[in-house]
Every structure is written in structure tokens, then in C-alpha cells.
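A.B. asks: Pasting in a structure now, in C-alpha cells, and then I'll have a few things to ask.
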Amino acid sequence: MKITKIETHVCHARMRNWIFVKVLTDQPGLFGWGEATLEWHTRGVVGAIEDIAELLIGEDPTRVEHLWQMMYRQHFWHGHGIIRATAISGIDIALWDILGKVAGLPCSKLWGGPVRDHVRTYCHLGGGRMEDFYDTPVDNAKRFGDLALEAVANGFTAFKSMAVPSTMPIEGLKPVKAAEACVRAMREAVGDGIDIMVDCHARPSPAMGLKFGKALDPYGLYFFEEPCWPESVDGLAMINAALTTPVATGERVTSLAAFRELFEKRACEICQLDITHCGGLSEARRVAALAESHRIALAPHNPQGPVSTAASLEFGFSQPSYIICETVHEDVPWRQDVVQEGFTVERQGRLVRPNTQPGLGITINEDEVRKHPFQQELPQRVFYGDGSVGDW
């Protein structure tokens, strides 16, 4: 069995262009699907996949680890830069899909079988609608409460918000009080039985992240995400040590060595590795083993397309420390038109029952994908009041 071709299929989904990766073989009808979506870097990732494909044509697709080592270590530059790591991830996911099809088993059974009966999921406020999640201003606390009620009405028992505004490295009480008002509105709207997450998007400095974290600590957040730059590991560790709320981070980390530092410094309690960026399912399993040794939970970053979701769920059924899966469901109204999924979702509670089909259990409708060709993603720019550049 040999790899004959690696294709990319780009599908424009407003804020993101989903990059689906299709690895074809010389066996009739045998191919695998992966995803390598990276906002605002679509052309770079597609080009990187074309470069890497030269290494793999003619190779046995079932030698997944061997091929991962080739992709990561050959061509001189190691594969942990975000563009190359994302390209490797998409191909690696597709190779596992192929291996599952060859074995006639869901991927989770290739890794020892399911360790749980269901995976819990959470949504973004607005279900993935960009304007609701990213553009709701923090001076509109009532809107945060209304969107929280909408998430619960849609069956979710957990949701994530961006209730922390972009701030300069040091600011006073106003943004902190605004964030607190938004979180108070959400908690009062849904009560204590619903889990609320707050995503800072790595906007604050460590000092401001600590200010926000302490102000929000009394509201019992499920986790407090990216309270400062991921490169500031000592800052993350400081915040994590100062709060009772668990700190979550890791979506922008793309090397095993960087995850090791994150865990050794206890800079988080929840690892948000992104399977489409960290090196695919092969590397995600190594990160998971490292996290397990530190008793750090897994909650993968997953605001991308449907192949990423299938991979994240399949991974979740195999990992003891996995606690919840990020999902979006209303980013574009035709999302479900492009995919047929092997797993099932219970609307009440938004619990996912295991995939029973081989591999990832998904089929991509290429005709539907072609209806949404590449368009440049919507720009997201942030400037502080003095005109200097901020973090989005």
C-alpha cells in the first residue's frame, strides 16, 4: 500500500478557511481526511502541505509514526513552527483515519479503546457566531447574560465567553469592573449548575491577568483561559498559583519541549493542546502522556472545522485526563452540509456518544466544500486608545 497523492480542499467559513487534507492511496476507495485550519495563514499552510507531500508520496500510509518523524525531522527545519506544525497535523490526522479504515476500527480503539461512555462538550457564547462571541462589548453585561441563557436553552451545561477586554500592560479598575459585571450577569442568569469559562485570548499582561483573575475568582469559573501571553510561562505560573480558578492554556504551543516547560512550572491546570496545530494525533498523544504525569487535565482547543472536531472527540474517548471538548455549531449555517459524522450528539447536555465507524468516522462532501471557495478571512485588528497595537 502506498500514498499516491495529498490534496487540500479549502472551504471558506467566514472567520476561518477550513483546510481539509485528503491523503489518497493506491487501494481503490481508501483515503483519509485531516484538517489543517489556521486563521489568516491559509495560503501558507496549503503551500507547506505541498512541500511536505514530496516526502510522503510512495510511502506506506500505515507507518504513521515513521511518517510523522519524516515530516517533523526532515527538510532540515524541525516541524514545530506554527505553519509547518499545522501542515503536519492535517496530514497526520488523515493517516490515522486511513489506519482506522484498514483495521476496521474507530481511531480510539487503535489507542486502547474508549475510556469513557461519553464526551462532554461546551460552546462559545453565540454558538460560534463571530459577532456574538468576539464583538459583544464588555460594557453590555446584560447581553452576556442573555447569550448565557441561550447556550443553556440549546442544551449546553458549559460555555465560554470573552468577558475580558483588551487592555494596556497596566490599567486601573474600569476594565476589571466591566469584566466582573459580565461574569456576574452570566452567573446570575444560569445559576451554579452551569459551568462558565472566561477566555482572555492572551490579551492581558501577567499583572493585568492576575487582576482579572482575582476579580473573577469568586464566581467559580470552570477555567480561566490564556490570562497572559503563552510565551510568559512564569507569568502563567504566577497567576495559576494565586487563584483557586484553574488556568487553561496551550492552544498556541506547538512543541513537546514547550509543553514540558509549561507543565514543569505548573503554569496551568488544564492543557488546551490543539490537535490541528500541535503535530496531529501522534504528537497529541505524547503531550497527553506528559500531562498525565503531572495530573493536568486535557480540554483541546477546537474552534475549527468538522474534521478537527471528529479528531478531538476520537482523542477524547481514548484519554483518561480529557474533561471536555470545545465546539462551535452556528459559525456558518451550512456546517453540517459538508460532513457526515459517525458520532452522535445528545441535544440535552450536549453529550457525544462514541463513533462506531472506522477511523474518524467522517465523510466530507466535496461538492458542498466547492460551494465555499477560499476568501480572505475577516481582519481582526486591535489598537489601544493611544494608537499602539494591542492583542486581538
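The values are calculated or read from the model by the stated rules, or taken from the named source; none is laboratory data. Values in this document were obtained by computation on a predicted structure and should not be read as measured data. As a convention, Cβ positions derive from the backbone with ideal geometry for all residues, glycine included, and neighbour counts pool all protein chains shown. Accessible surface areas use protein heavy atoms only, side chains included; no ligands, DNA or RNA. Shrake-Rupley method; radii C 1.70, N 1.55, O 1.52, S 1.80 Å.
A.B. asks: Over the Cα atoms of region 73-179, what radius of gyration and what Dmax do you get, in Å?
C.D. replies: For region 73-179, the Cα-based Rg and Dmax read 20.9, 59 Å.
A.B. asks: How much net charge surrounds Met130 when only the other residues with a Cβ under 13 Å from the Cβ of Met130 are counted, with Lys and Arg +1 and Asp and Glu -1?
C.D. replies: Its environment carries a net charge of -4.
A.B. asks: Across bins of 5 angstrom width beginning at 0, how are the C-alpha pair distances of region 24-143 distributed, in whole percent?
C.D. replies: Bin by bin from 0 Å, the calculated values are 2, 9, 15, 16, 14, 13, 11, 9, 5, 3, 2, 0.
A.B. asks: Continuing with this model, one more query. Just to confirm a number: summing +1 for Lys and Arg and -1 for Asp and Glu over residues other than Pro218 whose beta-carbon lies under 15 angstrom from that of Pro218, what do you get?
C.D. replies: Net of charged neighbours comes to +1.
A.B. asks: Taking 8 Å as the Cα distance limit and 6 or more residues as the minimum spacing, I'd like the relative contact order of region 285-392 as a percentage.
C.D. replies: That works out to 19 percent.
A.B. asks: In whole Hz and in residue order, list the ³J(HN,Hα) couplings for region 185-194 that follow from phi through the Karplus curve 6.51 cos²θ - 1.76 cosθ + 1.60, θ = phi - 60°; x for Gly and Pro.
C.D. replies: Along region 185-194, the couplings run 5, 5, 5, 5, 6, 10, x, 7, x, 10 Hz.
A.B. asks: Determine one quarter of the surface area of the Cα convex hull of region 277-335, which equals its mean projected area, and express it in nm² to one decimal.
C.D. replies: Its average projected convex-hull area is 4.0 nm².
A.B. asks: Please list the non-local residues whose amide H lies under 5 Å from the amide H of Ala13, H modeled 1.01 Å from N, same-chain partners needing a gap of 5 or more.
C.D. replies: The answer is Trp18.
A.B. asks: Please give the per residue volume of the convex hull enclosing the alpha carbon atoms of the chain, rounded to a whole number of Å³.
C.D. replies: Hull volume normalised by residue count: 127 Å³.
A.B. asks: Next question. Largest first and in whole Å, what are the equivalent-ellipsoid semi-axes of region 1-60 based on the Cα gyration tensor, each being the root of 5 times an eigenvalue?
C.D. replies: 24, 13, 6
A.B. asks: If a/c stays under 1.5 just call it rounded; otherwise compare a/b with b/c (prolate if a/b is bigger, oblate if not). Do that for region 227-367, with a ≥ b ≥ c from the square roots of the Cα gyration tensor eigenvalues.
C.D. replies: Note, shape of region 227-367 comes out prolate.
A.B. asks: May I pose another question? Relative contact order of the chain, please, whole-number percent, based on alpha carbon pairs below 8 angstrom and at least 6 residues apart.
C.D. replies: 21
A.B. asks: Name the residue, out of Ala257, Ala207, Ala241, whose mean-square fluctuation peaks in a Gaussian network model built on the chain with Cα pairs under 10 Å.
C.D. replies: Ala257
A.B. asks: So what's the back-of-envelope 222 nm ellipticity for the chain, counting only DSSP H runs of four-plus at -39500 (n - 2.57) apiece and dividing by all residues, rounded to 500?
C.D. replies: Value at 222 nm, helices only, nearest 500: -11500 deg cm²/dmol.
A.B. asks: Remind me, relative contact order of region 1-130 in percent, using alpha carbon pairs under 8 angstrom and six or more residues apart?
C.D. replies: In percent, rounded to a whole number, it is 25.
A.B. asks: Ok, one more. Find out how many positive minus negative residues lie around Ala141, taking Lys and Arg as positive, Asp and Glu as negative, among other residues whose Cβ is under 13 Å from that of Ala141.
C.D. replies: With Lys, Arg at +1 and Asp, Glu at -1, the neighbours total +1.
A.B. asks: Pull up all non-local amide H partners of Tyr322: gap of 5 or more, or a different chain, and H-to-H distance under 5 Å with H placed in the peptide plane.
C.D. replies: Under 5 Å from the amide H of Tyr322: Leu298.
A.B. asks: Right, next: Which residue, Leu221, Leu30, Leu360, tops the fluctuation ranking in a GNM of the chain built on C-alpha contacts under 10 Å?
C.D. replies: Highest fluctuation among the options: Leu30.
A.B. asks: With equal scatterers on the alpha carbons only and no solvent term, can you work out the Debye log10 of I(q)/I(0) for region 158-248 at 0.22 1/Å?
C.D. replies: Scattering profile of region 158-248, log10 relative to I(0): -1.03.
A.B. asks: Just the number, please: carbon plus sulfur as a percent of the accessible area of the chain, 1.4 Å probe, no ligands or DNA/RNA counted.
C.D. replies: Solvent-exposed carbon and sulfur of the chain make up 53 percent of the total.
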